[in-house]
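Asks: Quick one: this structure, given as structure tokens, is what I'll be asking you about.
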Amino acid sequence: MTLQLTGASRRDLLKASVIGGGLVLSFSIAAKAEAAAGSGAQALNAFVRVAPDGIVTIMGKNPEIGQGIKTSLPMIIAEELDVPWENVRIEQADCEPKLYGSQFAGGSMATPMNWDDLRKVGAVARAMLVSAAATAWNCPSGDCKTDAGHVIHASTGRKASYGSLVGLCAGVAAPDPKTVVLKNPKDYKIIGKAKPQYDTGKIVTGQPLFGIDVRVPGMLFATFEKSPVFGAKVASADLDAARAVKGVRKVFVVEGGSRLDGLQPGVAVVGDTWWAARKGRNQLKTKWADHPTSKQSSAGYDKRAAELNAGSPMQSLRKDGDVEGALKGAAKTLEAAYSYPFLSHAPLEPQNTTAHFKDGKMEIWAPSQNPEPGRQLVASTLGIKPEDITVHMTRCGGGFGRRLSNDYMVEAAWIARETGAPVKLLWTREDDMHHDLYRPAGYHFFKGGVDAKGNVVAWQDHFVTFGDGAKVASSAGMGATEFPGRFVPNFKIDQSTIPTGVPTGPMRAPGSNAIAFVNQSFIDELAHAAGADPLAFRKQLLGDKPMVGEGPSAYNAGRMQGVLAAVEKMSGWAARGKLPAGTGLGVAFHYSHAGYFAEVVQASVAPATGKIKVEKVWVAADVGRQIVNPAGAINQVQGAALEGISHALYQKITIVDGAVKESNFTNYPLLRMADAPPVEVKFVTSDYPPTGLGEPALPPVIPALCNAIFAATGKRIRSLPIDTKQLKT
Amino acid sequence: MAFKLNVNGKVLEADVDPDTPLLWTLRDTLGILGPKFGCGVAQCGACTVHIDGVAKRSCVLPVSAVGSAQVTTIEAMEHHPIGKKVQAAWMNLDVAQCGYCQPGQIMAATALLAKTPKPTDADIDSAMTNICRCATYTRIRAAIKQASGQHEKA
């Protein structure tokens, strides 16, 4: 029992692309034929199938990394389908972008990219059920409405459950998505209501959901040793000693390539259990070949950054007005050097993938944020056709951007093919910390000036980052429109780069997670130099023009003023003078991922030890007119804010001799319960389409904390993580 | 070497090297997948199980040291008088984000409540040392309070 879309309607759907004002689907909603086979259920399209008992199964299209997307995207479909949430079951889709459109978890993009499309998916399926009922009742579709999983004939009250219509939908053509009518948001019954994560019951009972939990009959376990200096080749290894360990099945060298987000050189050890494989690995005593980056270090980068700042910058990113002249004419001028370290993502589930190569076809189970490029990487590295590779998307034990790269996936595929059996590759925590694509470190050398009225009249930043000439490393760049660009008449950003062997990549709120720290801290310095209230100073800097700039880089200062005013009120900013000595409030705001966020932190510092207590965080957020799932939304914001606190207090990756010094949570600590403050969240709604929440709450909390420490102690934090020794009095 | 282990009320046999951590015996040999691997050095607590009712990090506990002790994992918590209340509170407050650490958090919270039925914030701070990389600490704290009958908003 499968739905046959006619050739014409199917072609129309496949061709659909955004032209003019009418939103059309960016992907096909063709039925997935096999979905319904044997179950008695009817597939209405690739996302929706209805069973005779009225249970509606909706596919979760995107990778679930803890952002709640497996729940919130199906909520959008269920709303327009008009089915009670209790009747909905969710299944994780495989990686099949031809059926589901783009399937990735990144950039806080899932809600904005799917909001229109998935409402139409639900509405199209609903229209088909209405059409089936209308045909059976011999009345026009327009005479029917739906409610709670039923089609109702409006004038007679005749009612048919969706389940009872299953057999009647087979001949029904899907309507053109452009023609379906979407619900008025005031009628929403699911969207905007707090729904627990669909898998929460499985999570709390410890059921297997994650990549690490995959088990395949006959499966072996693998560990893979790579060079601490990124990309160095294997010079020698005692493979026989490893092979002699009980339970070890296979040991071999992988030649690998030069891509640091691909298959790298190393030694694979495969065993009956992972523990056996690890014991084998302990016997390898691998020696690594010399590598050109083996003398690089964080200390060396620091020295080079200072040298570059002393010379002429390599590039100009933006130049408005006359900064030198404005600095000369300013009432007060400041200079400050800021820096921040490399960071490791450290998702709690170490990287892993299970792979099985059989009869020319590769089957993969992977916790990936970005599975389709993973498939392509496996295809190109192993010489297998992409269509011969199946990628099952497992739940990810955290992502944070790390699993946008699929290096571990291609390793598992390679090792499985070499082994000739299904293999689960699992990294150690140390493997993960030594082979990340790190949040890049960076340096900012500022000059700024304010006039007698507290206006910022000059701003200059020499940004020293990583790259090769004008080409910056992944996620190491800075936009020319970052605030306060366009808000200061005399404004300049220059850039210089340092070559590095350290692979870098996006980490939750990439770019923003560092730039907010430096810019919002230096703004705070200017506010204090002007003798102004730091929050009022920011309002003045934002000005009274609501929109600044045009197109994708437009900055809605009005929305930022809105969240700033909200957080001022929430945090009791006006009463901050009554706080005890050694306690302060700090404020910061940042725009990223289409979200406007203003945050206040209250922190105290113990004078004898310099120990910081973060007492409270307030977050005001504007992500448009609709929060899809308030339960998940608040959780995301609280988690992002606490992650920022963790960056500020603890986290640092240090490069020594071309390799990462830190190895585990012993020397790369993360925030724990005792240091986690309460986080109060308020969503300020505005009449804009809904945008994502995974990332934009993180950036402002770091400068808000540092500014609170300044308010508490008079000491300015210009380098992360915060050195508490400098706070002792 | 064959070890007889008391796991979740059953005697299970595992033929593993004596130095194999309990975590890997449970996961790879016995197929009990609730306890998770996060660090391997007893830092993160994702592998937390109960040994005779006390929360222990199974990633550093050699199977040879378990002896006849009762091993309890997240899989048995729905039959544990406190564990099931903790699970219900976790569900009720929708604590999890990625969920990977939560079995360990629930094991730690259950052991805490068994010893301290009405924990203060300070009790929670000192007992709940497991890492949640998604930082769901606000809701973990609230769920512990709720499971102990002390109501707090998440």
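Asks: When you scan segment A:451-500, how many residues do you find that are among the small types (Gly, Ala, Ser), more than 22 Å from the chain's Cα centre (by Cα) and crowded, with 19+ Cβ neighbours inside 10 Å? Break it down into steps so the answer makes sense when it comes.
Replies: Taking segment A:451-500 and keeping what is among the small types (Gly, Ala, Ser), we get A:452, A:454, A:458, A:467, A:469-470, A:473-477, A:479-480, A:485, A:496.
With more than 22 Å from the chain's Cα centre (by Cα) added as a condition, the list becomes A:452, A:454, A:458, A:467, A:469-470, A:480, A:485, A:496.
Next, only the ones that are crowded, with 19+ Cβ neighbours inside 10 Å stay: A:454, A:458, A:467, A:485, A:496.
Total satisfying the criteria: 5.
Asks: Which of the residues belonging to segment A:348-377 are over 23 Å from the mean Cα position of the chain (by Cα), within 24 Å of A:HIS434 (Cβ to Cβ) and either surrounded by fewer than 24 Cβ atoms within 10 Å (Cβ to Cβ) or more than 14 Å from chain B (Cβ to nearest Cβ) (or both)? It would help to see each step written out before you state the result.
Replies: First, the residues of segment A:348-377 that are over 23 Å from the mean Cα position of the chain (by Cα): A:354-363.
Still in the running and within 24 Å of A:HIS434 (Cβ to Cβ): A:354-355.
Residue satisfying the conditions is A:ALA355 alone.
Asks: Next up: For residues that are at the interface with another protein chain (Cβ under 7 Å from one of its Cβ atoms) and in contact (Cβ under 8 Å) with a residue 24 or more places away in the chain, scanning just segment B:86-101, find the one that is nearest to the chain's Cα centre (by Cα).
Replies: The first filter runs over segment B:86-101 and keeps only residues at the interface with another protein chain (Cβ under 7 Å from one of its Cβ atoms), leaving B:87, B:90-91, B:94, B:96-101.
Adding the requirement that they be in contact (Cβ under 8 Å) with a residue 24 or more places away in the chain leaves B:90, B:94, B:96-98, B:100-101.
On the way: B:TRP90: 14, B:ASP94: 18, B:ALA96: 15, B:GLN97: 17, B:CYS98: 17, B:TYR100: 12, B:CYS101: 9 Å.
Per the stated criteria, the residue is B:CYS101.
Residues are listed down the side, and each one gets a yes or a no for (1) under 15 Å from the mean Cα position of the chain (by Cα); (2) among the β-branched types (Val, Ile, Thr); (3) modelled with pLDDT of 95 or more:
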| site | (1), (2), (3) |
| --- | --- |
| B:GLN70 | yes, no, yes |
| B:HIS79 | yes, no, yes |
| B:THR110 | yes, yes, yes |
| B:ASP121 | no, no, yes |
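Asks: Kindly provide the set of residues from segment B:123-138 that are facing chain A (nearest Cβ under 9 Å) and either hydrophobic (A, V, I, L, M, F, W, C) or surrounded by fewer than 24 Cβ atoms within 10 Å (Cβ to Cβ) (or both), ordered by number. Break it down into steps so the answer makes sense when it comes.
Replies: Kept after step one, since they are facing chain A (nearest Cβ under 9 Å), are these residues of segment B:123-138: B:124-138.
Residues satisfying the conditions are B:ILE124, B:ASP125, B:SER126, B:ALA127, B:MET128, B:THR129, B:ILE131, B:CYS132, B:CYS134, B:ALA135.
Asks: Something else now. Which of (1) within 17 Å of A:ALA631 (Cβ to Cβ); (2) more than 8 Å from chain A (Cβ to nearest Cβ); (3) at pLDDT 95 or above is the odd one out, the single condition B:LYS153 does not satisfy?
Replies: (3)
Asks: Tell me which residues, restricted to segment A:578-609, are among the basic types (Lys, Arg) and in contact with a Pro (Cβ under 9 Å, 6 or more places away or on another chain). If you could, list the steps in order and put the result at the bottom.
Replies: Step one: list which residues in segment A:578-609 are among the basic types (Lys, Arg), which gives A:578.
Correct list: empty.
Quick grid of which residues meet (1) aromatic (Phe, Trp, Tyr); (2) out of contact with any strand residue (DSSP E or B) (no Cβ under 6 Å at 6 or more places or on another chain); (3) modelled with pLDDT of 95 or more; (4) outside any helix (DSSP H, G or I):
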residue: A:LEU526; (1), (2), (3), (4): no, no, yes, no
residue: A:ALA532; (1), (2), (3), (4): no, yes, yes, yes
residue: A:PHE537; (1), (2), (3), (4): yes, yes, yes, no
residue: A:GLN540; (1), (2), (3), (4): no, yes, yes, no
residue: A:ARG559; (1), (2), (3), (4): no, no, yes, no
residue: A:LYS569; (1), (2), (3), (4): no, yes, yes, no
residue: A:ALA574; (1), (2), (3), (4): no, yes, yes, no
residue: A:GLY584; (1), (2), (3), (4): no, yes, yes, yes
residue: A:TYR596; (1), (2), (3), (4): yes, no, yes, yes
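Asks: Facing chain A (nearest Cβ under 7 Å), under 26 Å from A:GLY68 (Cα atoms), touching an Asp or Glu at 6+ places or on another chain (Cβ under 7 Å) and in contact (Cβ under 8 Å) with a residue 24 or more places away in the chain: which single residue out of B:GLY38, B:GLY34 fits that description?
Replies: Values: B:GLY38 fails: touching an Asp or Glu at 6+ places or on another chain (Cβ under 7 Å).
Result of the check over B:GLY38, B:GLY34: B:GLY34.
Asks: Can you name the residue in segment A:35-73 that is closer than 14 Å to A:GLN103 by Cα and outside any loop (DSSP other than H, G, I, E, B) and, of all such residues, is nearest to the chain's Cα centre (by Cα)?
Replies: A:ILE69
Asks: At least 2 residues that are more than 14 Å from chain B (Cβ to nearest Cβ) and surrounded by 20 or more Cβ atoms within 10 Å (Cβ to Cβ) in each: list the strands (runs of 3 or more DSSP E) lying fully within segment A:115-200 that qualify. Before you say what the answer is, go through the steps one by one.
Replies: Details: elements: A:144-147, A:150-153, A:159-161.
Result: A:150-153.
Asks: Taking the stated definitions as given, is A:THR654 at pLDDT below 95 and either surrounded by 18 or more Cβ atoms within 10 Å (Cβ to Cβ) or touching a helix residue (DSSP H, G or I) at 6+ places or on another chain (Cβ under 6 Å) (or both)? Outline the logic, then answer.
Replies: Numbers: at pLDDT below 95: no; either surrounded by 18 or more Cβ atoms within 10 Å (Cβ to Cβ) or touching a helix residue (DSSP H, G or I) at 6+ places or on another chain (Cβ under 6 Å) (or both): yes.
The answer is no for A:THR654.
Asks: Check A:VAL253 against each of (1) of a type in the set (Val, Ile, Thr); (2) within 14 Å of chain B (Cβ to nearest Cβ); (3) not in a loop (DSSP other than H, G, I, E, B) and name the one condition it does not meet.
Replies: Evaluating A:VAL253 over (1) of a type in the set (Val, Ile, Thr); (2) within 14 Å of chain B (Cβ to nearest Cβ); (3) not in a loop (DSSP other than H, G, I, E, B) leaves (2) as the failure.
The values are calculated or read from the model by the stated rules, or taken from the named source; none is laboratory data. The model shown is predicted, which means the values in this text are computed figures rather than measured ones. Here the Cβ is made from the backbone with ideal geometry for all residues, glycine too, and neighbour counts use every protein chain on show.
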